[in-house]
Protein chains: 2
Amino acid sequence: MKDGLAFIAILEALEQASELTELQVLSERLRDYFKVDHLVYHWVSGAGEQYGCGTYDPVWVQRYIEKEYLRVDPVVAGCYQRFHPVDWKMLNWSTKPAQAFQAEAIAHGVGNQGFSVPIRGPSGQFALFTVSHNCDDDTWAEFIETSRRELILVGHYFNQKALEFEPDRAPEAARALSPREVDAMTFLAMGYSRAQVANTLSISEHTLRVYIESARFKLGAANTTHAVARALQHGLIIV
Amino acid sequence: MKDGLAFIAILEALEQASELTELQVLSERLRDYFKVDHLVYHWVSGAGEQYGCGTYDPVWVQRYIEKEYLRVDPVVAGCYQRFHPVDWKMLNWSTKPAQAFQAEAIAHGVGNQGFSVPIRGPSGQFALFTVSHNCDDDTWAEFIETSRRELILVGHYFNQKALEFEPDRAPEAARALSPREVDAMTFLAMGYSRAQVANTLSISEHTLRVYIESARFKLGAANTTHAVARALQHGLIIV
DNA sequence: TATTCCTTCCTCAGAACTGGCGAGGTGTTA
DNA sequence: TAACACCTCGCCAGTTCTGAGGAAGGAATA
């Protein structure tokens, strides 16, 4: 750690932040602390909703949203499937859309190097905390080596604050399912047919249907598949 | 932070650990460092699979697994739905099964206080990093206040190592879906019927069926609902 | 005590999904 | 060039799910 005290000071400022706009300021302060070109927090969830703050060029951010680059961006795709923080070099940039995306990103000032920390929450909540910079591989590797811990920690604090300020997005108050409804959803998520679930739970298929329907209703789902998807996303079932 | 250097030393030992058994030793070392009664890492995923290491009484661990307390434990249920680390006091212990569970846990030496960090990964991976202790509320609150950052960080390092040592459990090498298959799964997870999805993608319903079937095959799923559930769990679609 | 929620059971018709058969075109890669 | 994966389309028969009606007892809560 370069300067433990300066870092702790920023963390404490982050803890005490009480408005979303402060995150913007803090991201600039952190960028200067880490001495990188860009530092970005990017939050993703449900039906393409996004929120972000950081030091990227607003033009680029706008374009990213408009073009739904979310579904092309190898950083998002890669982090979505990894637990560990990811150096951008480890990602798969070889597909055609990914290369076009990369070229455009760099043209908008995004660095050639990057490091992203994936952060996950309940309800399928997913966020990325990213630092990006222009430098050679060795310099970058050394930076990551020394800053890894701080980046992980600060990423989580960012996420915590972002959720705090936007409570609508976080809990989404999915009414809890009854035990039988949980059973039903669980086995359906495991691939059982209705008949199999009914058999497993030793109840009639008609009874099972009642549970599925009430779960569907509680989850605001259009069909069984949708209900199972939402139950999974809300962490209501553990498969 | 009480003793930054001692903590860093443990983190580095954790980084260099090369065997699962070392995690057991390190959890004891960390317990002593934090001066708590218990410190546990508990990993959960797919079809009730579990793995843990830490300082709980093995008898209790055995019983926990046998009785499937995973599905009763308010700590698991609570953390599964939260992003933030959780003080056990914040959880809902009022249901009958939860109270029975709590009584039994305390009888087996688990502390009256507890703090658990939820950790999530791709593929629906979920883990808990917990410290537990016997003391009054004020003492505990003070401990959490001072140790929160370290607990978050060390929990993530633990998880990283646990994944590293058990690679079978982590990636599960779900073959990637083709773009059209991703589209199909995505809209199905959003509750669209087959007809609606076909319409949205401007393809015939039969073509859509081909995608669903091939996605089903790749995901090893028994039916559409199962396929969507797996696609979600593997982070192959972003809904 | 009244109300609400959970659990369990029923039927029937129409809608939706699944499995099996087939076909042809494009693009990448060994 | 051949193999492979991807995208697109069709039909038929059978299975499964959904919607719209019910009914009744027990537990918890206000």
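The values are calculated or read from the model by the stated rules, or taken from the named source; none is laboratory data. Values in this document were obtained by computation on a predicted structure and should not be read as measured data. Because the Cβ atoms are built from the backbone with ideal geometry, glycine has one as well, and the counts that use them run over all protein chains shown. Surface areas here come from the heavy atoms of the whole protein model, side chains and all, with no ligands, DNA or RNA. Shrake-Rupley method; radii C 1.70, N 1.55, O 1.52, S 1.80 Å.
Is at least one residue of segment A:133-144 surrounded by 21 or more Cβ atoms within 10 Å (Cβ to Cβ) and not in a strand (DSSP E or B)? Looking through segment A:133-144, at least one residue is surrounded by 21 or more Cβ atoms within 10 Å (Cβ to Cβ) and not in a strand (DSSP E or B).
Exactly one residue among B:PRO74, B:PRO58 is at negative phi and more than 14 Å from every other protein chain (Cβ to nearest Cβ), and that residue is B:PRO58. Can we say B:ARG71 is modelled with pLDDT under 85 and either in contact with a Pro (Cβ under 8 Å, 6 or more places away or on another chain) or not aliphatic (A, V, I, L, M) (or both)? Considered against the rule, which asks whether it is modelled with pLDDT under 85 and either in contact with a Pro (Cβ under 8 Å, 6 or more places away or on another chain) or not aliphatic (A, V, I, L, M) (or both), B:ARG71 comes out as yes.
Restricting the search to segment A:145-187, which residues are of a type outside the set (Val, Ile, Thr), open to solvent by less than 30 Å² (accessible area, probe 1.4 Å), closer than 30 Å to A:THR207 by Cβ and modelled with pLDDT of 90 or more? Correct list: A:GLU181, A:ALA184, A:MET185. Looking at segment A:34-46, can you tell me whether even one residue there is more than 19 Å from the chain's Cα centre (by Cα), at pLDDT 85 or above and more than 19 Å from A:ALA105 (Cβ to Cβ)? There is at least one residue in segment A:34-46 that is more than 19 Å from the chain's Cα centre (by Cα), at pLDDT 85 or above and more than 19 Å from A:ALA105 (Cβ to Cβ). Every condition in (1) surrounded by fewer than 18 Cβ atoms within 10 Å (Cβ to Cβ); (2) closer than 25 Å to B:PRO179 by Cα; (3) more than 10 Å from chain B (Cβ to nearest Cβ) holds for A:PRO97 except the one numbered (3). Note on segment A:50-83: residues that are more than 11 Å from the chain's Cα centre (by Cα) and free of Cβ contacts under 8 Å to residues at least 12 places away in the same chain amount to 7. A residue that is within 14 Å of chain A (Cβ to nearest Cβ), in contact (Cβ under 8 Å) with a residue 24 or more places away in the chain and more than 22 Å from B:GLN160 (Cβ to Cβ) cannot be found anywhere in segment B:22-41. Selection over segment B:192-225 of residues that are under 20 Å from A:ARG216 (Cα atoms), more than 10 Å from DNA strand D (Cβ to nearest atom) and out of contact with any Asp or Glu (no Cβ under 7 Å at 6 or more places or on another chain) gives a count of 3.
Considered as a group, the residues in segment A:188-199 that are surrounded by fewer than 20 Cβ atoms within 10 Å (Cβ to Cβ) and assigned to a helix (DSSP H, G or I) include one that is farthest from the other protein chains (Cβ to nearest Cβ), and that residue is A:ASN199. Out of all the residues in segment A:171-185, is one or more away from DNA strand C (no atom under 16 Å from the Cβ), more than 22 Å from B:VAL228 (Cα to Cα), within 21 Å of the chain's Cα centre (by Cα) and more than 10 Å from chain B (Cβ to nearest Cβ)? So far as segment A:171-185 goes, no, none of its residues is away from DNA strand C (no atom under 16 Å from the Cβ), more than 22 Å from B:VAL228 (Cα to Cα), within 21 Å of the chain's Cα centre (by Cα) and more than 10 Å from chain B (Cβ to nearest Cβ). Among residues that are closer than 29 Å to A:GLY191 by Cβ, crowded, with 17+ Cβ neighbours inside 10 Å and not assigned by TED's automatic domain parsing to the domain that holds B:GLY220, B:ASP73 is included. Of everything in segment B:203-239 that's touching a residue at least 24 places away in the same chain (Cβ under 8 Å) and part of a loop (DSSP other than H, G, I, E, B), which residue is nearest to the other protein chains (Cβ to nearest Cβ)? Applying the filter and picking the extreme gives B:GLY235.
Condition check for B:SER202 on (1) on the phi > 0 side of the Ramachandran plot; (2) buried (at least 20 other Cβ atoms within 10 Å of the Cβ); (3) not aliphatic (A, V, I, L, M): one failure, at (2).
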